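Here the structure comes first, spelled out in structure tokens, and everything after it is commentary.
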Amino acid sequence: MVVQSARRAGVGRALLEHAEGGAKQRSCLPALATRRAADFYLSLGYQESATFFPKRLWSRPTPTVAWRRPAGTSYQRCGRT
């Protein structure tokens, strides 16, 4: 979360672009599990989806959303486990 006094100055956009760069290098699927700044996320190209309740049943998760990964790549576990 960006502190109130620093909002609307490009800080949040820069943070997300940096995180997305790392995710792309690792073939990870970025997903935000919050609606606090929904308009902001939509403005950056994120798609709104229904609330979900994931439950990991195996050691290597597979994406459960209807997004396609680039041919010849595979998703990896990203972030916290």
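The values are calculated or read from the model by the stated rules, or taken from the named source; none is laboratory data. These figures come from a predicted structure and were not determined experimentally. Quick reminder, even Gly has a Cβ in these numbers, built from the backbone with ideal geometry, and neighbours come from all protein chains shown.
Tallying residues that are within 15 Å of residue 47 (Cβ to Cβ) and without any contact (Cβ under 8 Å) to a residue 12 or more places away in the chain within segment 19-29 yields 1.
Residue count for segment 21-36 under the criterion of being closer than 24 Å to residue 4 by Cβ and either surrounded by 11 or more Cβ atoms within 10 Å (Cβ to Cβ) or within 12 Å of the chain's Cα centre (by Cα) (or both): the result is 3. Within segment 4-18, residues that are part of a helix (DSSP H, G or I) have Cβ atoms under 8 Å from residues that are surrounded by 11 or more Cβ atoms within 10 Å (Cβ to Cβ) in these pairs: 11/2; 12/2; 12/37; 12/40; 13/44; 15/2; 16/44, counting only partners at least 6 apart in sequence or on another chain. In this structure, does residue 67 turn out to be loosely packed, with under 10 Cβ neighbours inside 10 Å, in a loop (DSSP other than H, G, I, E, B), at pLDDT below 85 and among the hydrophobic types (A, V, I, L, M, F, W, C)? No, not satisfied.
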